[in-house]
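Colleague: To start, I am sharing the structure in question, which I have written as structure tokens.
The values are calculated or read from the model by the stated rules, or taken from the named source; none is laboratory data. What you are looking at is a predicted structure, and each value in this text was computed from that prediction instead of being measured. So basically every Cβ, Gly included, is an ideal-geometry build from the backbone, and we count neighbours across all protein chains shown. These area figures cover heavy atoms from the full protein model, side chains too; ligands, DNA and RNA do not enter into them. Shrake-Rupley method; radii C 1.70, N 1.55, O 1.52, S 1.80 Å.
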Amino acid sequence: MRRIFNFNSSNLLRVIFVIAVFILLFISSISYKHNRDTHESSQLLLHTFEINIELERLISSIKDAEIGQNGYIITHNERYLTPYEFSRDKVNRSFVELNKLTAERKGQQKNLKQLFLLINKRYQCLEEALKYSNSDSYNKEKLENALQRGRVLMANIRAQVDNMKEREKQFLQERQANYDNEISLTPLFTVSVFLVALILIILSYRQISKDIERLKITNKKLLISTKLMDEAEMIGNFSTWQWDLQQDKIHYSDNQFRLLGFSPDAFVPERGTFLNFVHPDDKETLVNSMQTIKEQKKLPLIYYRIVRQDGSIRHFKSIGKLLVENEENAHIILGISFDVTDEYEQNIELSQRNKELEISNQELASFNHVASHDLQEPLRKIQTFISRFSEDDKKAISVRGREYFEKIDASSKRMRVLIDDLLLFSRTNTTKKEVVKANLNDLFQNAKTELNEVITEKKAEINSEKLPKLNVIPYQIEQLFINLIGNSLKYSLDNLAPIIHIGCVKVLSKNYPDVLNQNVKKYYKITFQDNGMGFDPQFKHSIFVLFKRLHSKNDYPGTGIGLAICKKIVDNHNGFITADSNPGEGAVFTVFLPE
Amino acid sequence: MQKDALHILLADDDEDDRLFFKDAFDDIKVQTKVDFVHDGLQLMEHLNQPDVVLPDVLFLDLNMPKKTGKECLIEIKKTPHLRDLIIAIYSTSSSDEDIEDTFVQGANIYIKKPSDFNTLKKLINEVITLNWHYHTSGLNRDNFLLSLK
């Protein structure tokens, strides 16, 4: 996201910069044109001025000729003819000059030609006047006539010159007007363009400073992140490396050196360098992995060993990935290496312990089984021998002896129950657990049948809500029912017929976060409620402990194994069992079984 | 069936058990001839004698030295002239595993050694008066283990 934003920003700057350059070029071209126009205009003024002077000079030359002629006519002194003769040359020079000056002025050339004709005529008149004033050819009438024509011509010349001057003035005015028009627009335009350029430059300056600010922040973040990474690598016992496949350059993070037993940047890593540290037995794996990196541009997880300088062996785990910035040009492999020696050793220790535990567990189970089995043998014999004692045999011994004999009988019976229960308990643990879908209603009926004798004897009333079909180990669930119902029957009140109600509802595990596995969503909650003597709630946990009894065995026969078996069975089904009661208020045993 | 004396063979290493067994047979009113062997090896030797008179019922203990009852059972069922021998397993164990194994191997009935002499007599009486033909044809896992009604 940020990368895209930065990209836009630099593009914007580029556009602003280009616009600014164009504006500057534009401004300089305008000012150049402006300068040139000014120059042209002054040039033009000068030109007009020159034409005017030349015209005046022309007039004055003719006037000189006229004055000279007049002087000669009056005095007949040859001296007065000199200016007249000079004036002709002057007029010609002025004329040539004017011809040059008006070369680019269309109307003026035409005017000049007319002027030239008039001036020629004027000189003819002068010639005639001189001729008729001469004593040789004096002719008063013709002289007067020539002088008269000369005056008219002179007036015409003057008019023509004035005309030309006027034309020139007009021309100048036109140009001036044009020029004024042009430069009246220019300053406003230039200033506004300049302002735009200024704004653009300010904008880009702001953008640049913003970018720099952001760059600073990013840089700071990067610095922090780099430091953090370094710290993390040290604490986490891992390192990072980069391999530029195109330039075949390898870069290690500081911790990579440390993991190899060096100080950071102790050497310049090359492709083969790393292999020097690899355990001889793992070199082949590493060489293959490097080949994989080059061919497939990735490094799947590998495990290998490193031999440090001091000879200690460390277990490493490495994984690498291609850095993809743009699709075509991805050639840098980023890798992580972990020093997993501690975990490796812990794992070995753990699996060792696990094995030991498994063995000891097996021994325990088989010991339990064998012990209770082998204990049965002598006990069975004791009981059989006792059963062989006839009434006559009993009469033959003393009363005290008979009493002892009865106690031996009772003890052996109790031992029988203990061993049977212990066997049952060990079997809940060790026998194969075949899970099948079973109807719990059927299992409940089986349990009731099993307990039929006691139920009849105690006139007990047992009812159950509809129970579900579940994936269970059937004989164990049946045993669970027998034990729980049997327990309720045993601890019933003397003067009250036992009523046992079995309830069943489906519940969500999230409503029982303390006791149920939250990965299983739904459980069946099966409750066994009785109206018996109940128990002190402080024993609600201990009653499930093996051999734990709340009553003396003289009051209530039992081994303290029954509820332990219940707990074991429920555990086998990944369920949970609890007991709640208050003395004299009956007890509730609750079994949660996963759906 | 009870033409002469019923011939019974008990293979059991326990002296006391053999004594109970003998006393129980002495007490019941059926004419029987009871022989004993002390271990599995002796049992197989006895059965493999060329002039052997095979017992009507073989009571076989499982936990015996030298050769266990289960090994004997497998060997007997493999031997052609012994294959039809009626075998009653007679053991202290009542583990599902033992019952299942011997049932699969072809024993005819399973008796758990009782801890009361009268019960023993009743069980033995039940076994020797059983109609074997009828029992064997309807044999299943449920009636394999003998229990008194």
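Colleague: Of all residues in the stretch A:114-129, which are touching a helix residue (DSSP H, G or I) at 6+ places or on another chain (Cβ under 6 Å), open to solvent by 10 Å² or more (accessible area, probe 1.4 Å) and hydrophobic (A, V, I, L, M, F, W, C)?
Modeller: A:LEU118
Colleague: Something else now. Looking at A:VAL515, A:VAL507, which one is on the phi < 0 side of the Ramachandran plot, among the β-branched types (Val, Ile, Thr) and open to solvent by 30 Å² or more (accessible area, probe 1.4 Å)?
Modeller: Only one candidate qualifies: A:VAL515.
Colleague: Can I ask one more? Looking at A:ILE23, A:ILE4, A:ILE53, A:ILE16, which one is within 60 Å of the chain's Cα centre (by Cα) and modelled with pLDDT of 80 or more?
Modeller: Sole residue among the options that is within 60 Å of the chain's Cα centre (by Cα) and modelled with pLDDT of 80 or more: A:ILE23.
Colleague: Taking the condition of being more than 11 Å from chain B (Cβ to nearest Cβ), over 60 Å from the mean Cα position of the chain (by Cα) and open to solvent by 60 Å² or more (accessible area, probe 1.4 Å), how many residues in the stretch A:411-436 meet it?
Modeller: The number of residues fulfilling the criteria is 3.
Colleague: Quick one: which of B:LYS78, B:LYS66, B:LYS70, B:LYS121 is within 14 Å of chain A (Cβ to nearest Cβ) and of a type outside the set (Gly, Ala, Ser)?
Modeller: That would be B:LYS121, the only listed residue that is within 14 Å of chain A (Cβ to nearest Cβ) and of a type outside the set (Gly, Ala, Ser).
Colleague: Could you tell me whether any residue of the stretch A:49-64 is in contact (Cβ under 8 Å) with a residue 12 or more places away in the chain, outside any helix (DSSP H, G or I) and more than 25 Å from A:LEU200 (Cα to Cα)?
Modeller: For the stretch A:49-64, residues in contact (Cβ under 8 Å) with a residue 12 or more places away in the chain, outside any helix (DSSP H, G or I) and more than 25 Å from A:LEU200 (Cα to Cα): absent.
Colleague: Return the total of residues in the stretch A:320-350 being β-branched (Val, Ile, Thr), under 21 Å from the mean Cα position of the chain (by Cα) and farther than 16 Å from A:SER253 by Cα.
Modeller: Looking only at that region, the number is 1.
Colleague: Kindly indicate whether A:ILE333 is touching a Gly at 6+ places or on another chain (Cβ under 8 Å), assigned to a helix (DSSP H, G or I) and open to solvent by less than 50 Å² (accessible area, probe 1.4 Å).
Modeller: Considered against the rule, which asks whether it is touching a Gly at 6+ places or on another chain (Cβ under 8 Å), assigned to a helix (DSSP H, G or I) and open to solvent by less than 50 Å² (accessible area, probe 1.4 Å), A:ILE333 comes out as no.
Colleague: Identify the residue in the stretch B:81-117 that is within 14 Å of chain A (Cβ to nearest Cβ), in contact (Cβ under 8 Å) with a residue 24 or more places away in the chain and more than 26 Å from A:SER412 (Cβ to Cβ) and, among all such residues, is surrounded by the fewest Cβ atoms within 10 Å (Cβ to Cβ).
Modeller: So the residue we want is B:GLU100.
Colleague: Find all pairs meeting these conditions: Cβ atoms under 6 angstrom apart; at least six residues apart or on different chains; first residue within the stretch B:15-29 and free of Cβ contacts under 8 Å to residues at least 60 places away in the same chain and within 11 Å of chain A (Cβ to nearest Cβ); second residue of a type outside the set (Asp, Glu) and in a helix (DSSP H, G or I).
Modeller: Hits for this filter: B:ASP16/A:LYS381.
Colleague: Looking only at the stretch A:383-398, count how many residues are in a helix (DSSP H, G or I) and either closer than 15 Å to A:SER412 by Cα or facing another protein chain (nearest Cβ under 10 Å) (or both).
Modeller: Residues flagged as in a helix (DSSP H, G or I) and either closer than 15 Å to A:SER412 by Cα or facing another protein chain (nearest Cβ under 10 Å) (or both) within the stretch A:383-398 amount to 6.
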